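The values are calculated or read from the model by the stated rules, or taken from the named source; none is laboratory data. Not measured: the values here are computed from a predicted model. In this analysis, Cβ positions are derived from the backbone assuming ideal geometry, glycine residues included, and neighbour counts consider all displayed protein chains. Just the protein is used for accessible areas: all its heavy atoms, side chains included, with ligands, DNA and RNA removed. Shrake-Rupley method; radii C 1.70, N 1.55, O 1.52, S 1.80 Å.
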Amino acid sequence: MESQRFDLISSEFKSAPHKTYQRMRDEGDVIRARIPIIGKVWVCTTHQACSEMLKDQELFVREPARAGKRSVAWFLNWLPRRVRELSDNMMSYDGEQHRRLRGLVDKAFQRQSVSVLQPRLTALASDFVEELPQHTDDSGVVDLIPHFARPFPLEVISELLGLPESDRTQFANWGNRLATVRSLPTMLAAGGGLWKLRKYLAQQIEECRQNPRPGLLSDLVHVEQDGHRLSSKELIAMAFLLLVAGHETTVHLITGAILTFLKEPEQKAQLMNNWDLATSAVDETLRYVSPIEMSKGRFVVRDVEWHGKPLKRGQTIMAMIGSANHDPARFPDPETFDISRSPNLHLSFGSGIHTCLGMQLARAEAATALQQLFTAYPDLQLADPEGPVPWTKRLGIRTLSNLNVRLKSSEN
Ligand code: HEM
């Protein structure tokens, strides 16, 4: 079957993804596409097809063996085994193994547990916001990514895990190399960072074993479930997943949200008049920006005709989350940013058994970040409001390389 090429890392795509999404949906609700780095895959383009696919555990799985395949991705073979094992986490399993791993941490991320954290989230965000004037350059410009949007969620997840404060900048740097992966050399460089991060987490786990301490990591080391403890390998992979998934995506949600509100002053005014709209505003940002553009791949379990397409056992299928979130059949005026949109059943946190574990935490962090920042600097503005938006060319994630702002209006 003919596949169509979609350049999902081009500047054209990154500056106006909804145009490509429209083109994809025009081709069909399930299409054969060629995507950079990944290659040929089936892509679900509509809200309906994406949500059906993500929920169908019988036909679509994460474990390659269940679909008659040996390995997940060719490029992982270039990494040392110990680094590869980091991806051996709940996201890579279906069925019982997934349930067991997720069951160990589910409670810590439920709405109730997150609401207990709210005062701490507010205090942390407020500290970072207060320090921003110290980071402005001579022309009064500050980049909000390194001084707010990244350290804030990193601090939150590190505290939750119980990792020592003194180590944070260091492990953030190791993890950040992942953001630069575009080719084999950059992947090997990222592999070096991952190696160090893995070693660090293994050390922390060993220290928790000797001396229990407050935090989720120590709890996991000592937890017994059905008489079994997590193996060391499982513990390291779990800590890695929580640390990386727990801050990286949130950085892009926070930056995407700040950028969008600065470009939509009426919506910003509406939010600042009524902070009860914060959660709904964050959900609309999740839909409108779609920080995760597509789901991880699933494997087709058996040959089947699905949405009129001949899917074959072992083929890969993905949900184009950004396209689902801009599907006019589900969202009236999808290109309008409307913080009071209701219902707003976006797919930014996925769906089915792998629905994002950290969604309540991410929502609370983003709402807190917006409230603290906009309340402290009501006149905040983009440093170059007319200039091009510096979207990066990362596959599958909508990220900015900087978010340069002025804290005060230049007219003041
Ligand atoms: C804006 C923030 C976030 C976004 C947009 C996001 C998005 C997603 C998506 C789309 C998935 C499903 C992927 C798929 O099915 O292929 C997912 C899974 C996951 N997310 Fe998030 N996430 C965010 C924040 C977080 C945070 C704060 C955590 C904290 C721990 C987290 C932990 C996870 C985990 C562990 C999974 C795998 C769940 C499973 O396999 O059962 N995420 N996330």
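Looking across LEU361, LEU345, one residue alone is open to solvent by 60 Å² or more (accessible area, probe 1.4 Å), under 30 Å from LEU242 (Cα atoms) and not acidic (Asp, Glu). It is LEU345.
For the residues GLU284, GLU248, the requirement of being of a type in the set (D, E, K, R), at pLDDT below 95, out of contact with any strand residue (DSSP E or B) (no Cβ under 6 Å at 6 or more places or on another chain) and within 26 Å of THR122 (Cβ to Cβ) singles out GLU248.
When you scan the range 300-336, how many residues do you find that are of a type in the set (Phe, Trp, Tyr) and open to solvent by 10 Å² or more (accessible area, probe 1.4 Å)? Adding up the residues that qualify gives 1. Number of residues in the range 198-224 that are within 16 Å of the ligand (Cβ to nearest atom) and not in a loop (DSSP other than H, G, I, E, B) equals 5. Restricting the first member to the range 389-412 and to residues that are open to solvent by 50 Å² or more (accessible area, probe 1.4 Å), and the second to residues that are among the basic types (Lys, Arg) and modelled with pLDDT under 95, the beta-carbon pairs closer than 9 Å and six or more apart or on different chains are LYS393/ARG182. For the range 103-127, taking the residues that are closer than 23 Å to THR255 by Cβ and free of Cβ contacts under 8 Å to residues at least 40 places away in the same chain, the one that is surrounded by the fewest Cβ atoms within 10 Å (Cβ to Cβ) is identified as ALA123. Can you tell me which residues in the range 195-215 are small (Gly, Ala, Ser) and without any contact (Cβ under 8 Å) to a residue 40 or more places away in the chain? Passing the criteria: only ALA202. Entry remark, the range 328-375: residues being away from the ligand (no atom under 16 Å from the Cβ) and in a loop (DSSP other than H, G, I, E, B) number 16 in total.
Looking only at residues of the range 273-299 that are polar (S, T, N, Q) and open to solvent by less than 20 Å² (accessible area, probe 1.4 Å), we find that the one that is farthest from THR355 (Cα to Cα) is THR285.
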